[in-house]
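Values in this text are rule-based calculations from the coordinates and carry no lab data. All of these numbers come straight from a predicted model, not from anything done at the bench. No Cβ is skipped: glycine too gets one built from the backbone with ideal geometry, and neighbour counts run over all protein chains shown.
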Amino acid sequence: MNILSIDTSGDSSSISSKIGDDLLSFQISHQRKERPDWENFLNHIGIFSNEDIKRFDLLVFGRGPGSYTAIRSSATFLKAISHTNKIPLMAVSNMESLAYKYFQNNKTTDDISVLINSDIQDEFFYGKFNFAKNSNPHEELLTNKEAQYQALTASSEIIIGNGNDISNKEYLKSNAEDHLKLAAHLYDPKLEYRAIDANPVYLKPTNYKKAK
């Protein structure tokens, strides 16, 4: 299966493609409110025309949590491509992608907890995943960061993500290549991956205020 994946969840953007056995990835860092030049972004992995786009069987983007505005930008971009070329579109969890990366590298049967920093000091995003047991993923926004962190470290054997002070630096944040690999794992040919159903996730209440 040929897959194109994009992540624009914060202060960096990444793109990854898999055509046959060839995997290409590119990533750039930028200010949180900046967006990549989409044409230039695609060119870095050898996509120069709509004919190149048509080679893909599946489009993927990281749905968050992260910068909602940035994620909405990549979602809108890929929705247009999906609609125009009739290519299925899948939105995957950024936290689940990071957990799957850890699982691939370590083949653990234990629960994998993911802690991702929010843009408010006393909050973080929390997810729990177990790929060996094929259990349903869990994601939520936690407040009172220090108390929650202490409780999680006492109960979880594996904790990754940039909200974890002792996390391995390899597992701080997911990117487009991680999303691509998770999508390949989750893909079910019996399901219809419609662009209208692929949307950013927003775990925060609508009345929250960002930290200054």
Work out how much length Arg35 to Lys190 would gain on full extension: take 0.36 nm times their residue separation and subtract the Cα-Cα distance, in nm to one decimal.
52.4 nm
Positive minus negative residues near Glu146 (Lys, Arg vs Asp, Glu; Cβ under 14 Å):
-2
Restricting to DSSP H runs of at least four residues, report the calculated mean residue ellipticity at 222 nm for the chain, -39500 (n - 2.57) per run over all residues, nearest 500 deg cm²/dmol.
-9000 deg cm²/dmol
So what's the angle, to the nearest 10 degrees on a 0 to 90 scale, between helix 145-155 and the longest Cα principal axis of the chain?
90 degrees
Could you order peptides 11-23, 90-102 by the average number of other Cβ atoms within 10 Å of their residues, highest first?
90-102, 11-23
Shape category assigned to region 61-123 from the gyration tensor of Cα positions, a/c cut at 1.5:
oblate
Radius of gyration and maximum dimension Dmax of region 72-212, Cα, Å
16.2, 49
Which residue fluctuates most in the GNM of the chain (Cα springs below 10 Å): Phe48, Phe103, Phe56?
Phe48
Local electrostatic count, Ser156, Cβ distance below 12 Å [Lys/Arg +1, Asp/Glu -1]
-2
More than 21 Å apart - percent of Cα-Cα pairs taken over region 94-171
20 percent
For the chain, longest principal axis from Cα atoms; helix 176-186 axis from its Cα atoms; angle between them, nearest 10 degrees, is 90 degrees
Gap separating the Cα centres of region 57-136 and region 147-202, nearest whole Å:
5 Å
Along each principal axis of its Cα atoms, how long is region 1-115 end to end? Whole angstroms, biggest number first, please.
44, 34, 23
